[in-house]
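Report on the structure given below.
Values quoted throughout were computed directly from the atomic coordinates according to the rules given, and no laboratory measurement underlies them. Please read these numbers as outputs of a predicted model, since none were measured by experiment. Cβ placement follows ideal geometry from the backbone for every residue including glycine, while neighbour counts extend to all protein chains displayed.
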Amino acid sequence: MLVTVEGIVIGRRSIGETSCFIDVLTDEYGVIEAVAHGVKKLTSRNAGSVNLFSYSKFCFSKTGLRYTLNSAEPKYSFHGISTDLEYLALAAYFAEVIKFSSASEQEAGGFLRFMAITLYELDKKRCPLEYIKSVFELYISVLLGFTPDLRACCVCGRYEHEKMFFDYDDACIVCGECIDDYEYQQHDIFALPPGLLYAMRYIIYSPVDKIYKADISEEDLRVLSGITEKYLLKQLDRNFKSLDYYKSVKL
Ligand SMILES: [Zn+2]
């Protein structure tokens, strides 16, 4: 059976001298692992379409659950990412999170577009790297069904208060009036600066093509990065080697 599908190469491993396994993120089939014969040869017509983080249109032969690449046409290449080790390391972390959290042979609606928009931001280098990391961590939580409820205080319904607290365990916010009597005092709770709550609301409740445009101060960004990372890892209940690597190469 032939399968034609658009996707982004989010993983690549060598098989011998000339071939590779590629992991391709698609909307229709989640992450597909396919054998790409001969793509490391200089003469291969598919070589440019199967590079890491290439967005291409693929034609696979499918036998049972095994995919083999027949042909591929490049649609977009995020060249800027591979020229900088920090950017490449962060993209590798994003790829590992997506690979871990999307099941194969199952639709992964929204992931492909989100990854393409994220890689585009990394490629263009318009925003601080830590900001892209935070937005990714928060928005992927939303796509995975772990949307924190930041609409209003979960006790009294207040939308704004000079002091708001984020409850990591219940993924909600509690205002300064309610926090002293909050019945889950033993939960992991963090005081959110007002600008940060605003930025997190913007990222969660905006259309995906707007999420990288939140307005946030440098000071709030440092705090945001810690919050979004902790929140995502807590939901997935694991750490990622690629995240440790990113931190080791970050300037
Ligand atoms: Zn309240």
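Structure data summary
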item	result
Restricting segment 1-109 to GluC sites (Glu not before Pro) in coil, as DSSP defines it, with at most 13 other Cβ within 10 Å	GLU17, GLU105, GLU107
Net charge, ASP170 excluded, C-beta distance under 12 Å - Lys, Arg +1, Asp, Glu -1	-4
Charge tally in the Cβ shell below 9 Å around LYS234, where Lys, Arg are +1 and Asp, Glu are -1, LYS234 excluded	-2
Of the chymotrypsin sites (Phe, Trp or Tyr not before Pro) in segment 153-188, those whose Cβ has at most 14 other Cβ within 10 Å and which sit in DSSP loop	TYR159, TYR184
Estimated vicinal HN-Hα couplings, Hz - segment 43-56 in sequence order (Karplus 6.51, -1.76, 1.60; Gly, Pro = x)	8, 5, 6, 9, 3, x, 8, 10, 5, 4, 6, 7, 9, 9
Burial order of peptide ranges 126-138, 236-248 (average beta-carbon count within 10 Å, highest first)	126-138, 236-248
Kyte-Doolittle mean at least 0.5 and Cα axial length at least 18 Å: DSSP H helices in the chain	85-101, 111-124, 129-143
Extension gain from TYR205 to THR68, taking 0.36 nm per residue of separation minus the Cα-Cα distance	45.4 nm
Where GluC sites (Glu not before Pro) fall in DSSP loop in segment 148-251, at most 15 other Cβ within 10 Å	GLU160, GLU162, GLU177, GLU183
Other-chain or far-sequence residues with amide H under 5 Å of ASN70's (modelled H)	CYS59, PHE60, SER61
Gaussian network model of the chain, springs between alpha carbon atoms under 10 Å - residue of ASP167, ASP123, ASP181 with greatest fluctuation	ASP181
Members of LYS133/LYS234; LYS133/LYS210; LYS99/LYS241; LYS99/LYS124; LYS125/LYS250 lying beyond 18 Å, as alpha-carbon distances in this model show	LYS99/LYS124
Local electrostatic count at PHE100 - Lys and Arg +1, Asp and Glu -1, tallied over other residues with Cβ under 12 Å	0
